[in-house]
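Have a look at the structure below, then the notes.
Values quoted throughout were computed directly from the atomic coordinates according to the rules given, and no laboratory measurement underlies them. Being a predicted model, the structure only gives us computed values, none of them experimental. So basically every Cβ, Gly included, is an ideal-geometry build from the backbone, and we count neighbours across all protein chains shown.
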Amino acid sequence: MIGRPWEDPEARPDYVLTSSDGDDYPEPDAPATTGGDEPDHIVRVGPDGIDDPETEWAIDGPADALPPLSADEIWLLVPGEPLDVVTSLPKPKHVPLGLAIRPGEIAVCSGRRRRWSRTPLGGADEDADLPVARTVLVVFIRHRAKGVRTKPRKYVIVTNDDDEVLGWLDYSDAWNFEGQILKQMVEGAGLAYAVERYGTEAEFERAHPEWVG
């Protein structure tokens with residue numbers, strides 16, 4: 001389940017996001033517009049909030065093709081950074097937030113937590129016990145319920161066929177992921193890519209009550 005995030009390091013959340021296996025995450029708020037029919041335009045939201053003119057940009061045309069992967073490589077995307085191809089994930093201090101994806105596997109990286117799932121394209125035999133992801137959902141919430149209201153909430157949420165949360169990132173205080181690259185990575189791994197936008201945290205909570213506890 002998804003929870004309202006901390007407003008400062010000492011505060012506790014009003015609720016938390018819980019994965020489908022019951023583990024609580026230590027952090028994580030218009031009817032939504034969803035899916036691949038979104039126009040190729042997103043608001044780039046940086047640390048200074050949505051009113052910062054440097055944070056808005058439009059994606060004109062498709063991104064370059066993703067680099068091919070060898071058997072031991074994986075795409076790694078970090079907010080505000082270009083795509084990287086690695087053979088092993090860097091230490092958490094070097095990748096505090098990120099998504100690692102290849103056909104067969106997806107990892108949601110948040111600090112020391114790396115949440116792995118399989119994708120519909122399969123995976124290694126040793127991954128047979130991992131849950132199967134189906135959708136990567138990018139959520140933009142324009143106004144926070146608390147704190148600086150012009151600094152949106154931004155989440156990436158990985159779900160399974162039953163719409164249960166398998167992994168998630170709160171990158172509200174970071175730059176955006178490069179949207180077209182992320183979409184290509186997700187679809188290249190056999191996953192569905194979707195975007196939902198809300199005006200307030202309350203709208204998001206009403207849309208996904210099963211994620212809020």
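Could you sort 106-113, 80-87 so that the peptide with the highest average Cβ count within 10 Å comes first and the rest follow in order?
106-113, 80-87
Grab the other residues whose beta carbon is less than 15 angstrom from that of residue 91, score K and R as +1, D and E as -1, and report the net. Once all neighbours under 15 Å are counted, the net charge is +3. Overall shape of the range 67-123 was characterised from the C-alpha gyration tensor. The equivalent ellipsoid obtained from it has semi-axes of 18, 13, 9 Å, in decreasing order.
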